[in-house]
Amino acid sequence: MRSMRRIIDAQIRDKRMKKRFVLICIFIATILIMMGRCSYFSGGYAPVPHWWDEASALVIEHEDLLTAAILEIEHIREDGDISHISFSREGACPSVLGSETLLSVMEIEGIRSVSANENTVTFSIGGRGIGPATSYFGFYYLIDGDAGYHNPWGGGRMDEGYTALRGESVRRSENLELTQYGETWIWREIIGDNVFYIERIVGNFFYYELHF
């Protein structure tokens, strides 16, 4: 009788385990379907939540200081006739080191480096990956130009200039596909897997992701 009881108990436990396994599988499948739908409605790509949250929080919390820093960077560029300027906690030019405003920006937790050109001032907040499989995250301020069309790093328009493709130099616009919805712009390579994601945070501040 005891052995029979053990067999029945084992069968009951087995059925419960199978039921739990099925429920877990259904739950995971539901989450994946929802993620797929979100990705579909956002043009086939969804931003990385952690980096978006960090970037938007930095802009909203420090908007006044960041705006003041952007104006000062523009004065430094114009007075010195400098086309591009960049600095980080590890190093900066004398003009930056002499500015309390810019030094205060570099003390903001989360901001790793700042670079500026005639179109954008870019604030890098992080990255991940190695070599060709690398991603970069941050936000930038658009000084001049069309929203969503400027490379946060190079400063020029995403659809202008040339790029190397299969050993040949081709117009960048020939190998880029743009998906826009609302205040979001997603640039994808037609041949290749690079993705450039841009989304407005507030005003002229934009979040960006660069995936190589």
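None of the figures in this text is laboratory data; all of them are computed from the coordinates on show. Computed from a predicted model, the values in this text were never measured in an experiment.
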The ³J(HN,Hα) series, computed from each phi in segment 184-200 with the Karplus coefficients 6.51, -1.76 and 1.60 at θ = phi - 60°, rounded to the nearest Hz and given as x for glycine or proline, is 10, 10, 10, 9, 10, 6, 6, 10, x, 10, 6, 10, 10, 10, 9, 9, 5
Between residue 176 and residues 5 or more places away or on another chain, the pairs with built amide H atoms under 5 Å apart involve 190
Residue by residue through segment 122-130, the couplings from Karplus 6.51 cos²θ - 1.76 cosθ + 1.60 with θ = phi - 60°, in Hz, x for Gly and Pro, are 10, 10, 7, 10, x, x, 7, x, 9
Distance in Å, no decimals, from the C-alpha centre of segment 54-87 to the one of segment 93-125 is 6
Contour minus Cα-Cα span, residue 180 to residue 88, at 0.36 nm per residue, comes to 29.9 nm
Sorted by chain and then number, the residues having a modelled amide H within less than 5 Å of the amide H of residue 201, at least 5 places away or on another chain, are 206, 207
Which residues qualify? For residue 48, with a placed amide H closer than 5 Å and at least 5 residues away or on another chain, they are none
